[in-house]
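Dropping the structure in here first, questions after.
The values are calculated or read from the model by the stated rules, or taken from the named source; none is laboratory data. All of these numbers come straight from a predicted model, not from anything done at the bench. Backbone-built Cβ (ideal geometry, glycine too); neighbour counts: all protein chains shown. Side chains included, ligands, DNA and RNA excluded: accessible areas come from the protein's heavy atoms. Shrake-Rupley method; radii C 1.70, N 1.55, O 1.52, S 1.80 Å.
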Amino acid sequence: MSSDYLIAPTPEDTQTFADSSVRLIDMIFPGDTNHHGTLFGGVALAHMDKVAFLTATRHGRAPFVTARSERIDFTAPGFSGEMVEVHGTLTRVGNSSLDVEVNVIAEELVSGERRNLTRGLFTMVARKGPDTRLPLPPMPAPAPEPAEDEPLRMVEMVFPTSTNHHGNLFGGDAMKMMGKAAFIAATRHCREIVVMASSDRIDFTSPIREGSMIELVSRIRMTGRSSMLVEVELWAEELLSGLRSHAATARYTMVAVDKDGRPQSFTRTGS
């Protein structure tokens, strides 16, 4: 992604976000599995630690490090081709440390079957420094359960391997994330095998810096007999300030297909 943009962000494209809840959603690809075709434990642990870090930082708006994780037991496998959902919830807030409970769920996208893979408790500590304000904010009230018609929200971090020499997220990596979000939203909606038929024009309105959190917000805007129009918004969030900027919006036409790749009608919808 270039550091120059044709479209300047407007006040409507920026906001702050107070909710500390974090939900990371990803696909289990063959590179994430062992020779049995099941999710590597190390990949699951990396997802869990990332979500614990994001949950802690979103609450305390301070530079956090992982101090400890309790014993983690895996109770079920996640298989290649399934979706994995990792959710972090605050369970304790102290003066400079807090605890985050992280749950990992696998979902078979076509059938909708969900299995709890594991859970873990992570203790995160805020490093003292000019960007750290102590004591940490008090424990927040429990967040309400998302409504059935809520858009699909999924988060990711911007690491140096995904940036250009300006320290901004590559446009190609951003489009890869948005396409994956559209695929998951469409498959969850119709519970059929889905492929991307087309991608509309994408305008990037602001750069996404290394160290930012990305949130992808996906909505089904229109459905036909075998196709869906999926809109994906890309937001960047500065973790220490909480300032969010709208970086891009894209629309994808996703088509339900049979095992031979031919379009097929769908009659059921999921969540």
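Just to be sure, is Asp73 at pLDDT 95 or above, part of a loop (DSSP other than H, G, I, E, B), over 19 Å from Met213 (Cα atoms) and charged (D, E, K, R)? Full working, then the answer.
On the way: at pLDDT 95 or above: yes; part of a loop (DSSP other than H, G, I, E, B): yes; over 19 Å from Met213 (Cα atoms): yes; charged (D, E, K, R): yes.
Yes, satisfied.
Across region 85-103, what is the number of residues that are over 19 Å from Phe74 (Cβ atoms) and among the charged types (D, E, K, R)? Steps first, answer last, please.
Here is the first cut: in region 85-103, the residues over 19 Å from Phe74 (Cβ atoms) are 89-99.
From what's left, among the charged types (D, E, K, R): 92, 99.
Number satisfying all stated conditions: 2.
Taking region 103-114 as the region of interest, how many residues are open to solvent by less than 40 Å² (accessible area, probe 1.4 Å) and assigned to a strand (DSSP E or B)? If you could, list the steps in order and put the result at the bottom.
First, the residues of region 103-114 that are open to solvent by less than 40 Å² (accessible area, probe 1.4 Å): 104-107, 109, 112.
Subset that is assigned to a strand (DSSP E or B): 104-107.
Residues meeting the conditions: 4.
Which condition breaks for Leu45 when tested against (1) open to solvent by less than 60 Å² (accessible area, probe 1.4 Å); (2) assigned to a helix (DSSP H, G or I); (3) touching a residue at least 12 places away in the same chain (Cβ under 8 Å)?
(1)
Now for a separate question. Here is a list: Ser241, Ser218, Ser245, Ser206. Which entry is surrounded by fewer than 17 Cβ atoms within 10 Å (Cβ to Cβ) and either outside any strand (DSSP E or B) or at pLDDT 95 or above (or both)?
Values: Ser218 fails: surrounded by fewer than 17 Cβ atoms within 10 Å (Cβ to Cβ); Ser245 fails: surrounded by fewer than 17 Cβ atoms within 10 Å (Cβ to Cβ); Ser206 fails: surrounded by fewer than 17 Cβ atoms within 10 Å (Cβ to Cβ).
That would be Ser241, the only listed residue that is surrounded by fewer than 17 Cβ atoms within 10 Å (Cβ to Cβ) and either outside any strand (DSSP E or B) or at pLDDT 95 or above (or both).
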